[in-house]
Amino acid sequence: MLIYHLSAECYPVAKVGGLGDVVGALPKYLNQAQQTARVVVPAYNNAFFQKTEYQTVHQGKLRLGPFVFSYSVLYEPTNQLGFELYQIAIPELFDRPNVYSYEDDTERFLAFQIAFLNWLVETNQQPDVLHCHDHHTALIPFMVQHCYNYESLRFTPTIITIHNGQYQGWFGYDKLHYLPAFDLSKIGYLEWNGTINPLASGIKCAWKVTTVSPSYLDEISNKANGLENLLRWERPKSLGILNGIDTELWNPKTDALLEHHYGLRDFKKGKAANKKWLCEQFRLDHEKPLFTFIGRLVGEKGADLFPHMASIALHEFSGQINILILGSGDPEVEQQLSGLQHFYSGHYSAYIGYNEALAHKIYAGADFLLMPSRVEPCGLNQMYALRYGTIPMVRRTGGLRDTVMDVGDGGFGLCYDQTSVSDVVHSIGRAIQLFADTKKFDAVRKEIQQIDHSWNSVAETYISVYQSISKQHL
């Protein structure tokens, strides 16, 4: 089957969060399973784009209401990522380094979707499946069914994966004319709660809806920023499929970003060496348990708790722990976390920013990973941590609930129920006790490295979904 993945992100082309990791891995494993998976993302003017050589395979024009843009479809010919990569260049809209947070994001991602469909029609392509990811590409299911320009694609099966249902791409009726012409009697497929809602439209029009974990599908049926009733209505065509991780990229035996490699036989020595290097860089005590957070400093991740939580924990467990934070996001949280370094030097440090290489080193060197998320549709960080023998400490929500079981229940992590300072600090106290029990601590670390969260079985599940909707097409 020929499957196109449409996304705003794809690692290492452009990544902000877990969406990029998923789109950068799933297609590779689909190809290894004898499918033909291609990825299409915008051509951002970032480091990857600047260092990559492309072939121009198509050029055309698209109309966005009264505006006309030229676009080019660029192909990366080496297939270095394990799949065919196409980037759509629309210089006026994407000749910028960042993925999101521009005032014209609505126009940018609408133009991207229109350019993609124009390319398919103008080159007479007939894919087996169009797989759309999040709201940035969620209008494609509507457009292929109802826009006159795409009549040849009308019966192409579509699937939408919800990575984060809180963001829906809303825009007003004043921009409705940006869409290619369609029968206005079909406008109900675009509307939800008095506005144009791309994610809602994708849920209505796609042949299948997936979420990135079974628990997240249950959760958003009850709390989805206004989409609850729609998701309950569309539940018969929906399913939760837990994400995997790229075990070739995330492998402590071969990870080129690590200072010291290790496997099951020598993990204690290897993790100790990585921890010592890490603690030397941040002036921490490598003899003490190292707690870390890696990710966006935003409310969804519970990051607003970190300044208070870190102060309480470092005071309550004075001299017993280290805390290392890696992330960026809310400026106030960033400032508070940076300021703590003056008060807890030698036991606390923070790196404000995005640093992929450092993230790998922290997974290898840390003892515990903090994830007090309010919302975590799947979560990949806990899977990376498991792969590197770092014990996750998580709130029971979304994919965290599906992937981490508490040591007290015969599992391998530390779990709690509320995103609160008291719950996190209490779990740190439990972690200190586990760390002190060297035999049990090492047994848990060895066990978690053997848990299989690879994409292989996940890819097979997606293939079954693709086959089911392809049969509907026939």
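Matching residues to (1) at pLDDT 95 or above; (2) more than 27 Å from residue 378 (Cα to Cα); (3) touching a strand residue (DSSP E or B) at 6+ places or on another chain (Cβ under 8 Å):
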| residue | (1), (2), (3) |
| --- | --- |
| 202 | yes, no, yes |
| 205 | yes, no, yes |
| 208 | yes, no, yes |
| 225 | no, no, no |
| 228 | yes, no, no |
| 237 | yes, no, yes |
| 264 | yes, no, no |
| 268 | yes, yes, no |
| 284 | yes, yes, yes |
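Restricting the search to segment 1-31, which residues are touching a helix residue (DSSP H, G or I) at 6+ places or on another chain (Cβ under 8 Å) and assigned to a loop (DSSP other than H, G, I, E, B)?
Listed by number, the residues that qualify are 1, 7, 8, 9, 11, 12, 13, 15, 25.
Checking residue 23 against (1) touching a Cys at 6+ places or on another chain (Cβ under 9 Å); (2) within 29 Å of residue 181 (Cα to Cα), which test does it fail?
So residue 23 meets the others, but not (2).
Any residue in segment 375-389 that is out of contact with any Pro (no Cβ under 9 Å at 6 or more places or on another chain) and basic (Lys, Arg)?
So far as segment 375-389 goes, no, none of its residues is out of contact with any Pro (no Cβ under 9 Å at 6 or more places or on another chain) and basic (Lys, Arg).
Tell me which residues, restricted to segment 197-216, are in a helix (DSSP H, G or I) and more than 13 Å from residue 160 (Cα to Cα).
Result: 214, 215, 216.
Looking at (1) touching a residue at least 12 places away in the same chain (Cβ under 8 Å); (2) part of a helix (DSSP H, G or I); (3) charged (D, E, K, R); (4) more than 20 Å from residue 437 (Cα to Cα), can you tell me which one residue 268 breaks?
Against the list (1) touching a residue at least 12 places away in the same chain (Cβ under 8 Å); (2) part of a helix (DSSP H, G or I); (3) charged (D, E, K, R); (4) more than 20 Å from residue 437 (Cα to Cα), residue 268 comes up short only on (4).
So is residue 358 out of contact with any Ser or Thr (no Cβ under 8 Å at 6 or more places or on another chain) and aliphatic (A, V, I, L, M) or not?
The answer is yes for residue 358.
Search segment 65-84 for residues that are at positive phi and pair each with any residue that is loosely packed, with under 13 Cβ neighbours inside 10 Å and modelled with pLDDT of 95 or more when their beta-carbon atoms are under 6 Å apart and the residues are at least 6 apart or on different chains.
65/177
Hey, can you tell me all the residues within segment 122-135 that are surrounded by fewer than 24 Cβ atoms within 10 Å (Cβ to Cβ), out of contact with any strand residue (DSSP E or B) (no Cβ under 7 Å at 6 or more places or on another chain) and more than 13 Å from residue 4 (Cβ to Cβ)?
124 - this is the single residue of segment 122-135 that is surrounded by fewer than 24 Cβ atoms within 10 Å (Cβ to Cβ), out of contact with any strand residue (DSSP E or B) (no Cβ under 7 Å at 6 or more places or on another chain) and more than 13 Å from residue 4 (Cβ to Cβ).
In segment 16-30, which residues are among the charged types (D, E, K, R) and without any contact (Cβ under 8 Å) to a residue 60 or more places away in the chain?
none
From the residues in segment 354-389 that are among the hydroxyl-bearing types (Ser, Thr, Tyr) and under 18 Å from residue 289 (Cα atoms), which one is surrounded by the most Cβ atoms within 10 Å (Cβ to Cβ)?
Checking each candidate, the answer is 388.
If you scan segment 260-270, which residues turn out to be crowded, with 22+ Cβ neighbours inside 10 Å and in contact with a helix residue (DSSP H, G or I) (Cβ under 7 Å, 6 or more places away or on another chain)?
262
Can you tell me which residue in segment 162-196 is nearest to the chain's Cα centre (by Cα), limited to those that are part of a loop (DSSP other than H, G, I, E, B) and in contact (Cβ under 8 Å) with a residue 60 or more places away in the chain?
163
Do any helices (runs of 4 or more DSSP H) lying entirely in segment 391-474 carry at least 2 residues that are more than 23 Å from residue 27 (Cα to Cα), and which ones are they?
398-403, 421-436, 438-448
Got at least one residue in segment 138-151 being in contact with a Gly (Cβ under 7 Å, 6 or more places away or on another chain) and in a helix (DSSP H, G or I)?
Checked segment 138-151: at least one residue is in contact with a Gly (Cβ under 7 Å, 6 or more places away or on another chain) and in a helix (DSSP H, G or I).
Against the definition (touching a Cys at 6+ places or on another chain (Cβ under 9 Å), closer than 25 Å to residue 197 by Cα, of a type outside the set (S, T, N, Q) and crowded, with 21+ Cβ neighbours inside 10 Å), how does residue 138 come out, yes or no?
yes
Which of the strands (runs of 3 or more DSSP E) found entirely inside segment 291-379 contain at least 3 residues meeting this: in contact (Cβ under 8 Å) with a residue 12 or more places away in the chain, under 24 Å from residue 445 (Cα atoms) and out of contact with any Lys or Arg (no Cβ under 9 Å at 6 or more places or on another chain)?
In segment 291-379, 322-329, 368-371 are the strands (runs of 3 or more DSSP E) which contain 3 or more residues that are in contact (Cβ under 8 Å) with a residue 12 or more places away in the chain, under 24 Å from residue 445 (Cα atoms) and out of contact with any Lys or Arg (no Cβ under 9 Å at 6 or more places or on another chain).
Just for segment 197-218: of the residues that are under 17 Å from the mean Cα position of the chain (by Cα) and in contact (Cβ under 8 Å) with a residue 60 or more places away in the chain, which one is surrounded by the fewest Cβ atoms within 10 Å (Cβ to Cβ)?
214
Residue pairs, Cβ under 7 Å, 6 or more apart or interchain, first in segment 246-257 and surrounded by 20 or more Cβ atoms within 10 Å (Cβ to Cβ), second among the hydroxyl-bearing types (Ser, Thr, Tyr) and modelled with pLDDT of 95 or more. List them.
Close Cβ pairs (under 7 Å, with a partner that is among the hydroxyl-bearing types (Ser, Thr, Tyr) and modelled with pLDDT of 95 or more) amount to 250/384; 252/262; 252/388.
Could you identify the single residue in 108, 154, 96 that is more than 26 Å from the chain's Cα centre (by Cα), assigned by TED's automatic domain parsing to the domain that holds residue 37 and of a type in the set (D, E, K, R)?
154
The values are calculated or read from the model by the stated rules, or taken from the named source; none is laboratory data. Keep in mind that what you see is a predicted model, and the values were worked out from it rather than measured. In this analysis, Cβ positions are derived from the backbone assuming ideal geometry, glycine residues included, and neighbour counts consider all displayed protein chains.
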